[in-house]
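A short write-up of the structure that comes next.
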Amino acid sequence: MISDKMLEALNKQANAELYSGYMYLSMSAYFESVNLRGFASWMRVQANEELSHGLKFYDYIVERGGRVKLLPIEQPPLEWSSPLEAFEEVYKHEVKVTGLINNLVKIAVSENDYATQNMLQWFVAEQVEEEASADEIVQRIKLAGSDGKGLLLIDRELAQRKSE
Ligand code: FEO
């Protein structure tokens with residue numbers, strides 16, 4: 001049996017993951033609009049990944065006999081001033097999500113919910129990866145600076161990302 005407090009927190013996290021997907025899809029649309037198709041493709045893969053994170057919470061709630069409650073998904077921003085600004089926002093957003101996951105772990109500990117603590121470990125590890133990959137791309141865009149050729153090279157590399 002899952003506690004009401006834990007259930008509410010997990011439903012909120014499912015919503016936060018779906019919002020992440022919505023935000024990255026919005027970034028994908030932005031990159032399409034500035035003809036950076038590799039960046040757009042990377043964001044689309046990321047959006048799909050976030051949807052799968054949301055579904056992991058959804059499936060876990062069902063498995064524990066809880067009720068999934070879908071909450072409204074906030075509208076994401078629509079425009080960014082540059083690829084650097086967009087990826088800096090990705091990094092900031094992932095740091096925020098790490099905080100949300102850590103808070104869920106805290107609740108699971110205080111509720112003596114060992115199963116949820118165990119399930120959340122996957123997300124704890126995933127956030128280390130998410131922050132690192134966003135930061136790496138931020139640093140590479142900074143290195144490219146105002147060199148358009150450098151940016152196109154990054155665009156070509158980001159196009160290689162495949163869905164897991
Ligand atoms: Fe599912 Fe990027 O956090």
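Listing for the model above:
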{"item": "Output for segment 87-145, where each listed residue is among the polar types (S, T, N, Q), more than 20 Å from Pro76 (Cβ to Cβ) and open to solvent by 10 Å² or more (accessible area, probe 1.4 Å)", "result": "Asn102, Asn103, Ser110, Asn112, Gln117, Asn118, Gln121, Gln139"}
{"item": "Conditions (1) of a type in the set (A, V, I, L, M); (2) within 16 Å of the ligand (Cβ to nearest atom); (3) assigned to a helix (DSSP H, G or I): number failed by Ile73", "result": "(3)"}
{"item": "Single match in Tyr60, Tyr30 (criterion: more than 15 Å from the ligand (Cβ to nearest atom) and at pLDDT 95 or above)", "result": "Tyr30"}
{"item": "Residue in segment 151-158 that is open to solvent by 80 Å² or more (accessible area, probe 1.4 Å) and either assigned to a loop (DSSP other than H, G, I, E, B) or within 16 Å of the ligand (Cβ to nearest atom) (or both) present", "result": "no"}
{"item": "Selection count where residues are open to solvent by 40 Å² or more (accessible area, probe 1.4 Å) and either in contact with a helix residue (DSSP H, G or I) (Cβ under 6 Å, 6 or more places away or on another chain) or farther than 24 Å from Phe87 by Cβ (or both), scope segment 1-43", "result": "8"}
{"item": "Residue identified as of a type outside the set (S, T, N, Q), assigned to a helix (DSSP H, G or I), under 18 Å from Glu129 (Cα atoms) and touching a residue at least 40 places away in the same chain (Cβ under 8 Å) among Tyr91, Tyr22", "result": "Tyr91"}
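The values are calculated or read from the model by the stated rules, or taken from the named source; none is laboratory data. Predicted model only: the values in this text are computed from it and were never measured. All Cβ positions, glycine included, derive from the backbone under ideal geometry; neighbour counts span all protein chains shown. The area values use the complete protein model at the heavy-atom level, side chains included, leaving out ligands, DNA and RNA. Shrake-Rupley method; radii C 1.70, N 1.55, O 1.52, S 1.80 Å.
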